[in-house]
Amino acid sequence: MRLDGKVAIVTGAGSGFGEGIARRFAEAGAKLVVNDIDDRGGERVAGEIERSAGQGSALYVRADVASDDAMAGLVKRTLERFGRVDILVNNAGITHKNGPMLGVDEATFDRVFAVNVKSIYLAARHVVPVLRRQGGGAMINIASTAGLRPRGGLVWYCGSKGAVITLSKAMAQELAPEQIRVNALCPVAGDTPLLPSFMGGDTPELRAKFLASIPLGRFSTPRDVANAALYLASDEGAFITGVALEVDGGRCI
């Protein structure tokens, strides 16, 4: 299988895109560390992977990705259980509600940038040394079409995802000599728990308006994002680094 023998950490994997990525990687033969702060979701996903892929194939680790100590503990638990890390997917993310930019309070702004941006810095601090010792690996940062096609209403969220795209490219250039590949994925919104915040509510009218901006006429699914992540994580993507791959049904055209 495409990820046989690989160990992958997926943050924010208790639901949504992260859950889809964790399940797809497990199907491809990887051993999974499912991270979240939602114990119920994280334990459910890890347990279901264990039951479908076999005992010892998944581990749930609770960790706040915006905490350095928590990220250090996440990597430590991974190494204790599986002995290595080959793939890191920085998927955990949050947003503020769609609305006027000055309506976002400072605490919310700080939390958005801590979870969406600082988390990647913290993850790199603890995972990159492991990848260096192993002779390479793959990092995938989940950005958004909001980082490529920013609009009012989600100003600070757009800024955080623009930062993810830029830092992914800079990391890719710096780490390439050590065979560590870094890429970003830019999904359009999916029918996940964050969708109402992106749209500023959830009504048939708001959904129709949003869908009208996607040429292929539907929201993204966790499987769409997972399939793209699988390509970038596998040996089939061995010559791909520094890209921001749009998984968007044509929204960014």
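Restricting attention to region 234-253, report how many residues are over 16 Å from Ala138 (Cα atoms), acidic (Asp, Glu) and surrounded by fewer than 18 Cβ atoms within 10 Å (Cβ to Cβ).
Of the residues in region 234-253, 0 are over 16 Å from Ala138 (Cα atoms), acidic (Asp, Glu) and surrounded by fewer than 18 Cβ atoms within 10 Å (Cβ to Cβ).
Checking the structure you have, find out if any residue of region 189-204 is under 30 Å from Glu27 (Cβ atoms) and in contact with a Leu (Cβ under 8 Å, 6 or more places away or on another chain).
yes
What single numbered condition from (1) within 27 Å of Thr221 (Cα to Cα); (2) in contact (Cβ under 8 Å) with a residue 40 or more places away in the chain fails to hold for Pro150?
Looking at each condition in turn, Pro150 falls short on (2).
Which ones in region 167-210 are loosely packed, with under 15 Cβ neighbours inside 10 Å and within 30 Å of Val130 (Cα to Cα)?
Within region 167-210, Ala170, Gln173, Glu174, Ala176, Pro177, Glu178 qualify.
Test of understanding: among Gly162, Gly147, Gly137, which residue is surrounded by fewer than 19 Cβ atoms within 10 Å (Cβ to Cβ) and among the small types (Gly, Ala, Ser)?
Gly162
Filtering region 215-233 down to residues that are in contact (Cβ under 8 Å) with a residue 12 or more places away in the chain and surrounded by fewer than 19 Cβ atoms within 10 Å (Cβ to Cβ), which residue is nearest to Leu185 (Cα to Cα)?
Initial filter on region 215-233 (in contact (Cβ under 8 Å) with a residue 12 or more places away in the chain): 215-230, 232-233.
Within this subset, residues satisfying the condition of being surrounded by fewer than 19 Cβ atoms within 10 Å (Cβ to Cβ) are 215-219, 221, 223, 227.
Details: Pro215: 19, Leu216: 18, Gly217: 20, Arg218: 18, Phe219: 15, Thr221: 13, Arg223: 13, Asn227: 11 Å.
Filtering first and then ranking leaves Asn227.
For region 8-85, which fully contained helices (runs of 4 or more DSSP H) count at least 3 residues that are at pLDDT 95 or above and exposed (fewer than 15 other Cβ atoms within 10 Å of the Cβ)?
So the answer is 39-53, 68-82.
The values are calculated or read from the model by the stated rules, or taken from the named source; none is laboratory data. Since we're looking at a predicted model, the values are computed, not measured. All Cβ positions, glycine included, derive from the backbone under ideal geometry; neighbour counts span all protein chains shown.
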